[in-house]
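FYI, it's all coordinate maths here, none of it is from the lab. Model, not experiment: these values are computed from the prediction. We place every Cβ from the backbone using ideal geometry, glycine too, and count neighbours over all the protein chains shown.
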Amino acid sequence: MLNRFSSNTILAKAHAMYAGQLTAADYNDLLNCKNVGEIATYLKNRTVYADVLQDAVTETIHRKQLEAILHKRLFGQYASMCRYELSIGTELYRCFIIRAEVEEILTFLRYLCNRHPEDYIYSMPPFLTEHTQLNLFALAEIKEFEDILRVLNGTDYFRIVEPFVRQYKESGEIDYFSLEAEMKKFEFNALCDIADRAFSGRYRKEVRDFFEREIDIENIINIYRLKHTIRASKEEIDRVLVFGRSALTKQELEYLAASSTDTDFLARLKNTRIGQRLKEKNYSYLEEGVQKVRFDLEKRSFRFSTNPYIVMFSYMFLAQNEVRNITHIIEGIRYAIPPEEIKSMLIGVDG
């Protein structure tokens, strides 16, 4: 457990990094850019992203190049915090690596499902290659889904992916949604186990509360997607839910899963704590709404918590949200979406 000096140092480091986040004025300026080059130039000349864009020719930069640079900087921020945390012998580092490994496998699979696995190499984070059990370069060379087992052999992820490879050989289709759900289950269970082993008392409860909040969001989004897309049965939904790790009780989750339609689900959701918070939000689709709720909760935790682990986890969410906002702006401008419409899709830009 951290001593008071280490706790204060980490809190100060996180708040110093957060001080460079984009302001509402920055977002308005970015929304008024005409193309990717203007966005990159603004980020280079007016924001903390100057450090990763200093050698870039922003006038001719491609959107994929810019997005890759932004994500690499995000990984650099995580690495900076985790390298410091590792030096004082606590558990954030392992949590970060598990989350990063799951995200990299899922990112690669999305490229593979879109028939462009070769593009993964451009988003691969260099920091992670030095600290993960995964061979990311070997992952980037895969052209067929079944070859992923060779790369994952000997890792915790082999047993998760192997049944989906067998299914793929029979059907010719990758069940990405179910595989993503199983990977997230593994991630959440691993993080909660780490919290239970590493922390005690108030620290354990607060860290578990943080993870359970994430699990609630994941469970709610998964139920809605399945109801909305295929009107899934309760039994089909139960297979993708994370039970026993959620702040929502098993009875609450089963009540939501038993809804007959997506409309019925939304009506039942209003009776939960997250549903009550959603009433205060304007949103076009459920995932946007629950992410807005989560943003408010994480920002509050970041501002007021004295638990250094909670502050670091909250900061990581806020930093990731900012990169996601910039990516939405890049995509919106690419498709000539009006600035006000793009802004409505951003999360936390006025707070």
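Odds and ends about this structure:
- Simple point charges give the picture: +1 on the Cβ of Lys and Arg, -1 on the Cβ of Asp and Glu, and for segment 92-198 a dipole about the Cα centre of about 160 debye.
- Longest DSSP-loop-exposure-free segment, GluC sites (Glu not before Pro), the chain, at most 15 other Cβ within 10 Å: 1-129
- Here segment 187-255 and segment 94-155 have alpha carbon centers that stand 25 Å from each other.
- Selected from Ala181, Pro163, Cys192, residue furthest toward positive end of dipole (segment 92-198; charges at beta carbon): Cys192
- Tensor-based shape of segment 92-198 (alpha-carbon gyration tensor, a/c under 1.5 rounded, otherwise prolate or oblate): oblate
- The chain shape via C-alpha gyration tensor axes, a/c threshold 1.5: rounded
- Net dipole in debye of the chain [+1 Lys, Arg Cβ; -1 Asp, Glu Cβ; about Cα centre; nearest 20]: 1040 debye
- Trypsin sites (Lys or Arg not before Pro) restricted to DSSP loop in segment 130-159 with at most 13 other C-beta within 10 Å: Lys143
- Of the chymotrypsin sites (Phe, Trp or Tyr not before Pro) found in segment 204-303, those that fall in a DSSP loop while having at most 14 other beta-carbon atoms within 10 Å are Phe243, Tyr285.
- The shape of segment 175-232 comes out oblate: with a ≥ b ≥ c from the C-alpha gyration tensor, a/c is at least 1.5 while a/b does not beat b/c.
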